[in-house]
Amino acid sequence: MDSFSSKDMALRAQKKILSSMATKSSVQMFIDDTTSEILDELYRVSKEYSGNKTEAQKVIKDLVKIAVKIGLLFRNNRFSTEELAVATDFKKKLHQGAMTAISFYEVDFTFDKAVMEELLTSCRDLLLKLVNTHLTPKSHGRINHVFNHFSDPELLTKLYDPSSPFRDHLTKICKGLDKLMEEGTI
């Protein structure tokens, strides 16, 4: 039996094309304005924290590529019933993480890096489980790169320090997260 499928081939081609075009203008149809603003702030935080513009660009580009590929898989109904259950668990964990991030921001000196690390690690693990059979090891590496970068305890501690130069960025990130939660996006 020939296992050729034009639908599978088209999906692979779309993923490949999107991988090489993961720029702000080319993913507008997959990522809304609020999410784009959050990504811009995460880029600024990453750049200021690391002092490395190239690394900051790479981590955000990896994040965009993963988001677009997962969106593409979802839109093409590629997830099984079990995987959709994992996706639901991921969305719940992401929502919990957003609520926790906002709470830590709103109440000074309540930040607990262990809680944020655990939430981010759980999100990463669920995401890896979701895409396990759909994306390449290179994409799995991108997921690890993004989550390892943003779950860095030192970065998180600086981000949530009320006197930190990152405070304005955190304000914009949390306002964006709040808006996405109100819209039911996360």
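The values are calculated or read from the model by the stated rules, or taken from the named source; none is laboratory data. Nothing here was measured: the structure is a model prediction, and the numbers come from that model. For neighbour counting, all protein chains shown are included, and Cβ atoms are generated from backbone atoms with ideal geometry for every residue, glycine included. Surface areas here come from the heavy atoms of the whole protein model, side chains and all, with no ligands, DNA or RNA. Shrake-Rupley method; radii C 1.70, N 1.55, O 1.52, S 1.80 Å.
Using a cut-off of 23 Å between Cα atoms, the listed pairs 65/93; 53/92; 92/113 include 53/92 as exceeding that distance.
Taking the average, over residues, of other Cβ atoms within 10 Å as the packing measure, peptides 140-150, 51-61 rank 140-150, 51-61 from highest down. Stretching residue 121 away from residue 40 to a fully extended chain increases their span by 26.9 nm, per 0.36 nm per residue minus the current alpha-carbon distance. Between residue 107 and residue 181, the modelled label-to-label distance comes to 1.3 nm, taking each label 7 Å out from Cα in the direction of the beta carbon.
Full extension of the chain between residue 91 and residue 148 gives 18.6 nm of extra length, using 0.36 nm per residue less the Cα-Cα distance. Per residue, how much accessible surface does the range 33-183 expose to a 1.4 Å probe? Answer in Å², no decimals. Normalised by residue count, the accessible surface of the range 33-183 is 53 Å². Full extension of the segment from residue 57 to residue 81, taken as 0.36 nm per residue of separation minus the current Cα-Cα distance, would add 5.2 nm.
Highest first, please rank the peptides 35-43, 83-91 by the mean number of other Cβ atoms sitting within 10 Å of their residues.
Numbers: 35-43: 18.4, 83-91: 15.7.
In decreasing order of mean packing, 35-43, 83-91 become 35-43, 83-91.
Under a model in which nothing but the beta-carbon of Lys, Arg (+1) and Asp, Glu (-1) is charged, the range 33-183 shows a dipole of about 740 debye around its Cα centre. What is the range 33-183 by shape, rounded, prolate or oblate, if you read a ≥ b ≥ c off the alpha carbon gyration tensor as root eigenvalues and call it rounded for a/c under 1.5, prolate for a/b larger than b/c, and oblate otherwise? Here the range 33-183 falls in the prolate category.
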